[in-house]
Structures are given as structure tokens and as C-alpha cells.
1. Could you give the dipole magnitude of the stretch C:61-173 about its Cα centre, charging the beta-carbon of Lys and Arg +1 and that of Asp and Glu -1, in debye to the nearest 20?
2. Given a cut-off of 30 Å, name the pairs among B:Lys68/B:Lys88; B:Lys75/C:Lys29; B:Lys60/B:Lys137; B:Lys88/C:Lys2; B:Lys105/C:Lys29 whose C-alpha atoms lie farther apart than that in the structure shown.
3. Could you give the nm distance between label points at A:Asp84 and B:Thr34, where each point is 7 Å from its Cα heading toward the beta carbon?
4. Which one, B:Trp17, B:Leu131, C:Ala127, is farthest towards the positive end of the dipole of the protein assembly as shown when Lys and Arg carry +1 and Asp and Glu -1 on their Cβ?
5. Please list, in order along the stretch B:101-110, the HN-Hα scalar couplings obtained from phi with the Karplus expression 6.51 cos²θ - 1.76 cosθ + 1.60 (θ = phi - 60°), rounded to whole Hz, x for Gly and Pro.
6. Treat every Asp and Glu Cβ in the protein assembly as shown as -1 and every Lys and Arg Cβ as +1, leave all other atoms uncharged, and give the resulting dipole magnitude about the Cα centre to the nearest 20 debye.
7. One quarter of the convex hull surface, Cα atoms only: what value does that give for chain C in nm²?
8. Any chance you could give the angle, 0 to 90 degrees and rounded to 10, that helix B:115-144 forms with the longest Cα principal axis of chain B?
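Read-outs: derived from the displayed coordinates by stated rules, not from any lab. Just so it is clear, the structure is predicted and the values come from calculations on it, not from any experiment. For neighbour counting, all protein chains shown are included, and Cβ atoms are generated from backbone atoms with ideal geometry for every residue, glycine included.
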Amino acid sequence: MPTREITLRINGTTYAGRAEPRKTLADFIREDCGLTGTHLGCEHGVCGACTILMDGDAVRSCLMFAVQAEGAELMTVEGLADGDRLHPIQQAYWEHHALQCGFCTPGFLMTTLAFLRDTPRPTEREIREGLSGNLCRCTGYQNIVRAVAAAADVLAAAPDAGVRRAPALPDGCVPPTSAGAAKTRAAGRARTPAPKGRTAKTKPSARPKPKRPAGRRRRA
Amino acid sequence: MKLEGTTTLPAPVETVWKTINDPEALRRCTPGLTELTATGPDAYAATLTIGIAAVKGTYKGTLTITDKRAPTHCKILLEGTGGAGFMKGEGVLDLEPEGTGTLVKWAGDMQVGGLIAGVGQRMLGGVGKMLVGQFFKCLEQQLGSGA
Amino acid sequence: MKPAAFEYHAPDTVEEAVALLDAHGDQAKVLAGGQSLVPLMNMRLARPAVIVDINRIQTLNYLAEDGGTLALGALCRQRAAERSALVARHCPLLGDALALVGHAQIRNRGTVVGSLAHADPAAELCAVLATLGGTVTAVGPQGTRSIPADELFVSYLTTSLDPRELLTEARFPALPRGTGWAWKEIARRHGDFALAGVGVGLALRGGRIAEARIGLTGVGATPVRAARAERSLVGAVPSDALWEAAAEAVRAEVEPDGDIHASAEYRRHIAGVLTRRALAEALTRAREAA
């Protein structure tokens, strides 16, 4: 299948690469743009691990072809934190232990971002429904629900507390990362090393660590 | 999964029996059957391309007619494997005279596995019934035209 | 889990799209939201040789009220319809059902018309179209035609569309003033396909039922209009006993399949339960609207 030039705007930066039209948006983001924070769980639209924002709306990037995203403003999990400063949603997930292995977390974060923008003061039921398109095998969801409720409070109290909020349709664009002004990055081959941005799993050492439960440490 | 039903065909029992055992009729009426080659008495190699709308798979396997008690009872075994999974169907047919025609009582056990089963569970039973329906409808047309 | 290779086209106009479909016939599949097609392609259960991506045809992106009918273009996303003030005002049954279609991420890309073209036997939108007696508009090489719901849905995932035709629009009749409505479904998890679902429209006149519509999903190969149950309600005075009788009539009319998710008996049973609940809720709304 012949390849074609594909240019995408992700987190305020323009990425260019070559791929077949059948290459999914998720794969292109990961392999051609080097943004591996977006994960592949099921690749058939059920688990939500691949969730990104397209023009502000949460979408399953495994169900789109990269060619289809040209011209849109995309946002991935790498666009949430500002250098060392976690986005309030990330902070809330951290504080409420809403991730264990972290595999589903990028998808949850992006869904949460769009969800809280649309439903800034959700009830617990609304949170559960709003997140129903994302699956987590580790946590049992309780802490995720708490984290989203907590994040809602933070964002409601100080709407600009989020360094970046989801862009509103159709203009609005994520400002460039602190690593430099927006520049065109020629995408490398499949083995591009991951860029220096932060994903939800990164723990800045300056942050106070959550308390460990008291008790003896078990020896192996 | 077990499916069963009855259908009436416009021909006497002997004619229906002959048609069911006729590879030409089977070739024409088995939905999706693109190839049927005899490999022995009442045994055939079969290729089936079967599916619904955009969802299609090709299965290669065998078709055998066993347990024959002419002209009223037999079992048709159809199995195949393909990219989308495997399927194994076993249908028992009992023929009874009904007026000038034949009442066919069929009972089937269908097993489908692999990807198509994992994803298509919701529709397998219904689709299976539909395919059996197509088979008998085709037979009906064959018999109606005096085959 | 990667799709097989295909020839990709992204036409800018309906004419171009139809020309492509005409050229490739049943080798081509239309791609709109992709929320049903792409999973099948990723799993290689579907391997269309040609993809006609209609997402560039902006003239298809509309939602308008047109003399008592809501017209939704083929690119109207489910989410846009869900949040639309026009839908809330003129066709709240559609709005209620939309909220239960998949999940937010699916509705952000998925289209209303695409769901109709896909014809899943447990889809909400197909049942809503059937309940309201809506139509779709199909454009093909031979011209344009309008297809009513009861002629559109043929079987599992199968419509009466010719492979060379493009569905450009869905038309949902608006609920007349004073009509009550309700959508009820049972699914194991939020966003799952319904085990069974019921859409109801109820109009009263002088304390009696003037018109009743009952449409079901998940109880057959296509959406089912419970015509006998509907007729039994016309002219009657609403009551719990009447709803129970209607529920029994619905149970007698449907022939659901059983599978690992729910047995046929269970589906038949909840078809009745949901009908009863939907009728009661529709009555409340009809009275409020009066």
C-alpha cells in the first residue's frame, strides 16, 4: 500500500511523517511522532487506553487512521503537564492513588479532561458514566472516581489552575511546551526515542510522596 | 449452540432425500459454499465464504453425510477453519410425509470459535438460523422447479 | 490487530463519493465515524478493498428542523445530536436514546446516519427511527431515493442499500406537541449494546390514547415495531392494567435470540417489563405536556 505524507498538530507542535493510510492514528502518534504516552489496549474501541483529544473532544485514536486527523488540533497525555508541574487532574490521580500499573491512565486522563470541561460539577454517577468508555484492570475504579471528583473541585475553584485546559472548538491551541517554541519536528523512523515530555507516570522527586501504610515490610 | 426447527418442502420424501444427498444440490444451496469436491462416499472437501454484510471469512474444511437411514434420517457434518476462526456444524434431519410434501425436522449443534465467536457472540445464533433458513429455502426452490 | 491494506479515497463532494462507490461496488465501504467499521477492520473480520472516507464532505454536516422533521446529515456526530437544542425540543426520544449509545468517545466520532447504515440488531438509533417512522435518504448512481425505516432494515448488519449508494441523511419526524415519550433499555454495563430496548411515543386525546408507538431493539434481527400492542392501546384509557396487557402483547410479538449475554426467555421477559415502564413514563410526560 503506497505511503503518503501525513502532517499532524499535536500538543501545539507540528509533526510530519510518512505512512500508509491504514496506519491508525494511535500507531502514528506512537511510532512516527514518538509520543508513546498514548497506549494500545484492545485496538478495537473498547478499552479507552488510546484516548486522545481531537479539537477538544475525546476520541479513540485506535479507531481513526492518521490521515483522518490532518488539520485537527490533537492533544495527548504528553500535553498535560507543564515541565515539572503536573496538571491538576494528574495531581489528583496521584494523590488519590488512582493508578497502579498506569497503563490505562493516559486514556483516563484525557477522558477526564474533556469530561470535566463539559461537566464541571459532576455527581458520582455522572463521573462513573462519563468514564465508562475507559477500562482499568488494576484499581477497581474507586480511587479514579475520587480523583476525578477532587480534580473537579480544584478546577472549579481556580479554572486557570490547569496549566493547560482542553482547547475549545475550533480555535484554541495548546501553547508550545517549555522546551522551546513550536517547531516542525521531522518524525524519525519507528525507533525514535521518546521525547522529554512528562507522562502521568512520571513522579517529580520534589513532590511529597504519599504516606505508606504503617506496618511491617514483608521480606521476600 | 443448539438450533432447531421444522420446514415443509413441496416434494415427496424420496425426492427430498435424493436432493439432500445430491452434491449438486448441496453445492447450490449451502450458503457460501464455493467449492465442494468429493473425497469419498458421502464425504467432500469444502470451502465456505460466509458472513454478514462486511464481515466475511473463508473457511476450508469438510462436509460429510453420515448416519443414513434412507429415506428419512441422516446427519450432515460441516466443519472448517479459517482466518476468522473455526466452525463446526452438525445437523440431524428427519423427514416425514406431510400431505403431498415433506415435513423436515432439523436439529443442529453449531460450534464457532476464534475471533468471530469472541466478537460476534450476540449474533451467532440468529445468523446461524438465518443460514439454515437460506439452505432450506434454496432446496425448496430446487424442488419446486422439479429438480 | 492492524487492518489489511486498502485503497483510500477522501472525496470532497457527494458526487465524487457516489462515483467511487459506483466504480467499486461491493468492494468499497463508506467510512464516516468508523466506530463500528474500524474495529472490524482492525480485527480483519472485514477487509474492504476500497475505503471511501466521507469526512471531508462538509455539506453533509448538518442538523436542521425542516417542517416537522429533524434532518440529520451523514456527518452529524452522535454527540452533536445528543447536545442539540433542536433535538431536545422536537425529538427528545432521539436525545434520550443517544445518551445510551456507546460511550462519549464513540459518540464524538460516530454518526447517527452511520449507525443506521450499520444496522446492528441491538442499536438504539435504528429502533428510534423505526418507532418514529423516520426515513433515510440514499444517493446512488441512478439518483436519490427515500427509504422508510421498515424497508431499510433487512437483517443482522444488513440494510436494503445497494453497495453503490451513499446514505446522506436521516429524517426523524418530530414528536407532536403533547406527545409523551420514553426510551428504556437494559444493558449489563453503561454503554454496552442493549440486551433489549424499547422506545415509546404516546399521544392522548380526551383522556384516551390517540396514538401509540412501540419500537424495540435487541429482540430480533432488525428493530421491531410492536404493531399489535400499539393497536391494542388506541382508544383505550391509560391504566397500569393496560400497560401490563401491552407488555404481554409485546412479549407475544417478539422472537428474540438467546446468546451468552442473555437467553431468549430473558429478552422476551424484559421486552415486556421495559414496555410497561416506558409507557408509564411516556404517560407522565404526555400529561405534563398537556
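1. Values: 9 positive and 11 negative charges, 77 e Å.
Dipole size: approximately 360 debye.
2. Values: B:Lys68/B:Lys88 19 Å; B:Lys75/C:Lys29 39 Å; B:Lys60/B:Lys137 24 Å; B:Lys88/C:Lys2 27 Å; B:Lys105/C:Lys29 39 Å.
The pairs that break the limit, which is 30 Å between Cα atoms, are B:Lys75/C:Lys29; B:Lys105/C:Lys29.
3. A separation of 6.3 nm, rounded to one decimal place.
4. Of the listed residues, the answer is C:Ala127.
5. x, 10, 8, 9, 9, 10, 9, x, 10, 10
6. On the way: 77 positive and 67 negative charges, 646 e Å.
It works out to roughly 3100 debye.
7. On the way: hull surface 58.6 nm².
Projected area, direction-averaged: 14.7 nm².
8. With both axes taken from Cα atoms, the answer is about 20 degrees.
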